[in-house]
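First up is the structure itself, then whatever we jot down about it.
Bear in mind that the values in this text are calculations on the coordinates, not laboratory data. Source: prediction; values computed, not measured. Methodologically, a virtual Cβ is constructed for each residue, glycine included, from the backbone with ideal geometry; neighbour enumeration extends over all protein chains shown.
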Amino acid sequence: MNTNTLTTRLLFAITLLLSSSLAYSAGVNIELNVHKLVIEQTENGPVEKLITPTIAIPGDTMVYTARVRNEDRVTAEAVRVVTPIPAETTFLPGTTNGADSISYSVDGGKNFDSPERLQVLDENNKPRAAMPSDYTHIRWLIPSINANSETNVRFHARINEN
């Protein structure tokens, strides 16, 4: 697959991702931003920077940040945020943050659990432990968001080589 085709597919996937992130609470809205993580070498050592992607190639790390805003006049309780992981990418473990309770799905967002409990079927139709490349969605449970306040949830994913 050439770089232009991959970039077009990734930008389409990002558009779908932006339109499919969900917050399950009245008065709560989500704005999803996607940046490319680059590492610049400086005199003081490497520095991580987030840039707006104009092109994305296999191996690039993308950072997905959902700004979760409670636009209501009362505190939003038990806010669930569900975000799909773009199909052209692989989730990078240890990069989620923004909530005490984070779970993952391997079945298109139907069921969620902790990584150690997730299973998929192997090529012989036998259960095996799910790997990050099997994850399809992430769900954050935010205990509360004060009225007219916001918080962020985030994850990183690497663009697949094939």
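Across region 3-159, Cα pairs under 8 Å and at least six residues apart give a relative contact order of 30 percent. Excluding same-chain neighbours fewer than eight residues apart, the aspartates and glutamates reachable from LYS110 by a Cα-Cα span under 17 Å are ASP134.
Annotation: extensible slack from ASP72 through VAL120 equals 13.3 nm (criterion: 0.36 nm per residue apart, minus Cα-Cα distance).
Taking 0.36 nm per residue of sequence separation and removing the Cα-Cα distance, the GLU40/LEU92 pair yields an extension gain of 16.7 nm.
For THR151, THR42, the sequence from fewest to most other C-beta atoms within 10 Å is THR42, THR151.
Identify the residues of region 77-100 with backbone N under 20 Å of a label point that sits 7 angstrom from the Cα of ALA129 along the Cα-to-Cβ direction, or state none. Residues 90-96 fall inside that zone.
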